[in-house]
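Peer 1: My structure is below; once you've seen it, I'll send some questions.
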Amino acid sequence: MPTQIALPLALPGSGEATRIVLGNANVAAFEAIANPQAWPFRTAVLAGPARSGKSLLGKWVAGQGVAVIDGADQWDEAALFHRWNRAQESGEPLLLIADRQPWAIVLPDLRSRLAGSLQLEIGVPDDEMVARLIEAIAEQRGLVLGEGALDYLVPRAERSFAEIERLVLAIDRLSLERKQPATMSLWRDALEATQGPEQARLL
């Protein structure tokens, strides 16, 4: 199993995510998304927390010929129902991306249709995936983490995609501001800046 998937038209050094890091939290969703022919009604619903790579997975699968609606839970329900019907008529696979799952759907016809689709969700990253995420975000930023960084950061980092990103960005910012390499004192300060004092985190 690959640990990362490169996106097309990647822009190295842009600071934007150009790779999908695979791990315990998303590999099942990825494997299911990669086989749209097996989706019930050729429709899947993907949900997950902020910054967890939902949109990146959507971009990747869109390149495989799948229609993608990112932020589907924010759409007008009647419009979304008609879009689902068009996908059924054309036979094209349809991936709906939502911030929450299930979301409260009022329109009965839409609710019943989506209830029969494949339901996928991105979970909480484990230590191995946290390490991969830290490495990938640092690489995207052009940030060189010092020796022992993962051993120090992984046990202390929150198990949240958004917070892991905030932590690496804080390390990068502090390194630039202080014109210092990313060493333990800087990792510690970045953790405190994003997650609070270590003593409070241990309580």
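Peer 1: 222 nm [θ] for the chain, helices only, -39500 (n - 2.57) per DSSP H run of 4+, per residue, to 500?
Peer 2: Dividing the helical sum by the residues of the chain leaves -13500 deg cm²/dmol.
Peer 1: Roughly how far apart, in whole Å, are the Cα centres of the stretch 119-149 and the stretch 46-104?
Peer 2: Comparing the Cα centres of the stretch 119-149 and the stretch 46-104, I get a distance of 26 Å.
Peer 1: How large are Rg and Dmax for the stretch 69-167 when only the alpha carbon atoms are used, in Å?
Peer 2: 19.2, 56
Peer 1: Shifting gears a bit: Using a/c under 1.5 as the rounded threshold, could you call the stretch 140-179 rounded, prolate or oblate? The axes a ≥ b ≥ c are square roots of the C-alpha gyration tensor eigenvalues, and prolate needs a/b larger than b/c, oblate otherwise. If you can, show how the numbers build up before the last one.
Peer 2: Details: a/c = 2.03, a/b = 1.33, b/c = 1.53.
Because a/c hits 1.5 or more and a/b fails to exceed b/c, the stretch 140-179 counts as oblate.
Peer 1: If the label point is 7 Å along Cα→Cβ of residue 162, which residues in the stretch 100-144 have backbone nitrogen under 17 Å from it?
Peer 2: Under 17 Å, as judged by backbone N against the label point of residue 162, lie 100-101, 122-125 of the stretch 100-144.
Peer 1: Using Cα-Cα distances under 8 Å and only pairs 6 or more residues apart, what relative contact order does the chain have, in percent?
Peer 2: Relative contact order here is 23 percent.
Peer 1: Ordered by residue, what ³J(HN,Hα) values in Hz, to whole numbers, does the stretch 63-71 give under the Karplus form 6.51 cos²θ - 1.76 cosθ + 1.60, where θ = phi - 60° and Gly and Pro are x?
Peer 2: Running phi through 6.51 cos²θ - 1.76 cosθ + 1.60 with θ = phi - 60° gives x, 9, x, 9, 6, 10, 10, 8, x Hz.
Peer 1: With every protein chain present, what is the per residue accessible area of the stretch 102-203 (1.4 Å probe, Å²)?
Peer 2: 55 Å²
Peer 1: With a 1.4 Å probe and all protein chains left in place, how much of the accessible area of the chain comes from carbon and sulfur atoms, in whole percent?
Peer 2: After summing per-atom areas, the C and S share lands at 53 percent.
The values are calculated or read from the model by the stated rules, or taken from the named source; none is laboratory data. It should be emphasised that the depicted structure is a prediction, and the values quoted were computed from it without experimental measurement. So basically every Cβ, Gly included, is an ideal-geometry build from the backbone, and we count neighbours across all protein chains shown. Side chains included, ligands, DNA and RNA excluded: accessible areas come from the protein's heavy atoms. Shrake-Rupley method; radii C 1.70, N 1.55, O 1.52, S 1.80 Å.
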